[in-house]
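These notes are about the structure you will find just below.
Bear in mind these aren't lab numbers, they're just calculated from the coordinates by the rules spelled out. None of the values given here were measured: they were computed from a predicted structure. All Cβ positions, even for glycine, are placed from backbone atoms using ideal geometry, and neighbour counts span all protein chains on display.
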Amino acid sequence: MSGFLAVLVVVLIFVVIFQIAKASEYVSILKGEKKSREQSNRINGFLMVVFLVLGLIGVWWCHDLLEDRMLGESASVQGEGVDQLIKVTFIMTLVVFIITQILLFWFSFRYQEKEGRSAFYFPHNNKLEVIWTVIPAIALTILVAFGIRHWLRITSEAPKDAMIVEVTGAQFKWMVRYPGKDGQLGRKNYKLINEAASNPVGQDWADSLNHDDFVSPELHVVVGKNVKLVIGSRDVVHDVGLPHFRLKMDAVPGIPTTLWFTPKFTTAEMKKRTGNPDFVYELSCDQMCGVGHYSMKANIIVETQEEYDAWVAAQPTQYAQAHPAAAPAEKPAASDSTATALTMK
């Protein structure tokens, strides 16, 4: 409520200033063109200073109000470096912003039109052009270098102990394939994709590595354990967006892309840290992929190794769903066997 009142007060101040300016303008017109222009310059110069002060206060107020209320701390180890890069970029641009805004509005006030004063023009200045070209170029080169460093880090070969998970995008959903006990994903072929036959990602059943793989609409990962995502698309270009982990990667048809990261907090821990009992990590599509783009989301569950193992044990393999006749028959319960024997007697 206090924030709303503050915004309302600021708006009313600007309305009052605008009305005063308009009234002064009408009075000035009656006094003559020259006096009108001089008075208008004085008013505009004064308003420039007011806008500068209120603008800088507004910048500070918004930063203080919204700090740590967006995504909070990075939920992955690799995202810490990305946050640091964003912070450095923000500080550099903030310094430039404050300096240029102060100069812009102060010069407008200080050097307004006055009797006996004329503007000084110079068509060319090598020193100034070198300064405003070289300094930004150096700053941007440093930022780009650090950005490439982080990019190469998450797209490099994942550690050998990393769990492998495949993420496939399709209009408008995500399909996540996990390897079974062998820890390896089976071969795929896009020609074998068949939703009706329980083969949404085109697994080649001739490859025995596929027999223990399973597919889920959720991404389950283990806290503190490296995870490598093998990313692809079934139709158009999508994008795996992991905002809480500060990561993203395009999902391109026919060209697998990869990235790896290490989750820092379980979903349960994040619920406590954020104070939100409904908190959930989100896998979103960050590429405009069609009319249903807005709804292309999936939940990410970060859990302990024990919780992950229990969840994996409860998942049916995709091979069993595609070949129900080949699935092993369940053994009858002991009570059923006894009942059958008594009936036969």
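Going highest first, how would you order 120-129, 145-154 by mean Cβ packing within 10 Å?
145-154, 120-129
Restricting to Cα atoms and excluding each atom paired with itself, what does the Kirkwood estimate give for the stretch 175-323 in Å?
16.4 Å is the Kirkwood radius here.
Rounded to the nearest 0.05, what FRET efficiency do Ala310 and Ile138 have when you use their Cβ-Cβ distance and R0 = 41 Å? Walk me through the numbers before you get to the answer.
Numbers: r = 54 Å, r/R0 = 1.31.
For Ala310 and Ile138, the calculated efficiency is 0.15.
Considering the chain as a Gaussian network with a 10 Å cut-off on Cα pairs, which listed residue, Asp213, Asp161, Asp83, attains the greatest mean-square fluctuation?
Between Asp213, Asp161, Asp83, it is Asp161 that shows the largest mean-square fluctuation.
In nm, what is the difference between 0.36 nm times the number of residues separating Tyr121 and Ser208 and their Cα-Cα distance?
Fully extending the segment from Tyr121 to Ser208 adds 23.5 nm.
Send over the Kirkwood Rh of the stretch 91-130, from the inverse of the averaged 1/r over different Cα pairs, rounded to one decimal Å.
About 12.7 Å, per the Kirkwood formula over Cα pairs.
Suppose R0 equals 35 Å. What FRET efficiency, 1/(1 + (r/R0)^6) with r the Cβ-Cβ distance, do Leu8 and Val280 give to the nearest 0.05?
On the way: r = 35 Å, r/R0 = 1.01.
Approximately 0.50, to the nearest 0.05.
Quick one: what does P(r) look like for the stretch 156-239 with 5 Å bins over all Cα pairs, in whole %?
So the P(r) values, bin by bin, are 3, 14, 24, 27, 19, 10, 3, 0.
Relative to the Cα centre, what is the charge dipole magnitude of the chain, using +1 at the beta carbon of each Lys and Arg, -1 at the beta carbon of each Asp and Glu, and rounding to the nearest 20 debye? Walk me through the numbers on the way to the answer.
On the way: 33 positive and 35 negative charges, 290 e Å.
Taking the Cα centre of the chain as origin, the dipole is about 1400 debye.
Using only the alpha-carbon atoms of the chain as identical scatterers, what base-10 log of I(q)/I(0) does the Debye formula give at q = 0.07, 0.08, 0.10 Å⁻¹?
Listed by q, the Debye log ratios stand at -0.54, -0.65, -0.84.
Where in the chain are the DSSP H helices whose alpha-carbon span along the long axis reaches 20 Å or more and whose Kyte-Doolittle mean is at least 0.5?
2-31, 77-110, 126-155
Length gain on complete extension for the stretch Lys87 to Ala162, per 0.36 nm per residue less the alpha carbon to alpha carbon distance? Mind dumping the intermediate values first?
On the way: separation 75, 0.36 × 75 = 27.00 nm, distance 2.91 nm.
Value of the extension gain: 24.1 nm.
Kindly state, to the nearest 0.05, the FRET efficiency for Ile193 paired with Trp61, given R0 = 56 Å and r defined as their beta-carbon distance.
Calculated transfer efficiency: 0.60.
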